[in-house]
Amino acid sequence: MAGLGKLVKQAEKMKRGIEALQAQLDAKEIEVTSGGGAVKVRINGSGRFLGLTLDPEFLKEDPKLVADTVLTAVQDAAKQAKDHHEAEMQKITGAFQMPGMF
């Protein structure tokens, strides 16, 4: 049963690491711009959108161009947040290989 105790300790350590990482991801802010800076999207490392800024001059452009540019910025922000989250999570979980789990 010594192996089980070690496994439980590893799981507890991983849980603490994930909880600490979640706090770091919540605090991490990523800013993405599109349209030459006309659109700015802020998102945290957990994928929560924090803000959207549109240049008033840009809003005078063709509505389809504005919509496409905003969509591109939002999609890019979501991808960057997801990639950052996965990379950071891998640092925590990659060290812990539980038999039969991965």
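Do you know which of the residues in the stretch 82-101 that are in a loop (DSSP other than H, G, I, E, B) and loosely packed, with under 11 Cβ neighbours inside 10 Å is modelled with the highest pLDDT?
The selected residue is Gly94.
Restricting Ile43, Ile30 to residues that are assigned to a strand (DSSP E or B), in contact (Cβ under 8 Å) with a residue 40 or more places away in the chain, within 16 Å of the chain's Cα centre (by Cα) and surrounded by 13 or more Cβ atoms within 10 Å (Cβ to Cβ) narrows the list to Ile30. Can you tell me which residue within the stretch 46-81, out of those that are surrounded by 16 or more Cβ atoms within 10 Å (Cβ to Cβ) and touching an Asp or Glu at 6+ places or on another chain (Cβ under 9 Å), is nearest to Lys15 (Cα to Cα)? Per the criteria, the residue is Ser46.
Within the stretch 18-26, the presence of a residue that is of a type outside the set (Lys, Arg), modelled with pLDDT of 90 or more, farther than 30 Å from Thr93 by Cα and in a helix (DSSP H, G or I) is excluded. Among the residues of the stretch 46-60, the ones that are aromatic (Phe, Trp, Tyr) and either without any contact (Cβ under 8 Å) to a residue 24 or more places away in the chain or part of a helix (DSSP H, G or I) (or both) come to 1 in all. May I ask you to list the residues in the stretch 1-17 that are loosely packed, with under 10 Cβ neighbours inside 10 Å and in a helix (DSSP H, G or I)? Result: Ala2, Gly3, Leu4, Gly5.
The values are calculated or read from the model by the stated rules, or taken from the named source; none is laboratory data. On a predicted model such as this, the values are computed, not experimentally measured, just so you know. Heads up, the Cβs are rebuilt from the backbone with ideal geometry, glycines too, and the neighbour counts pull from every protein chain shown.
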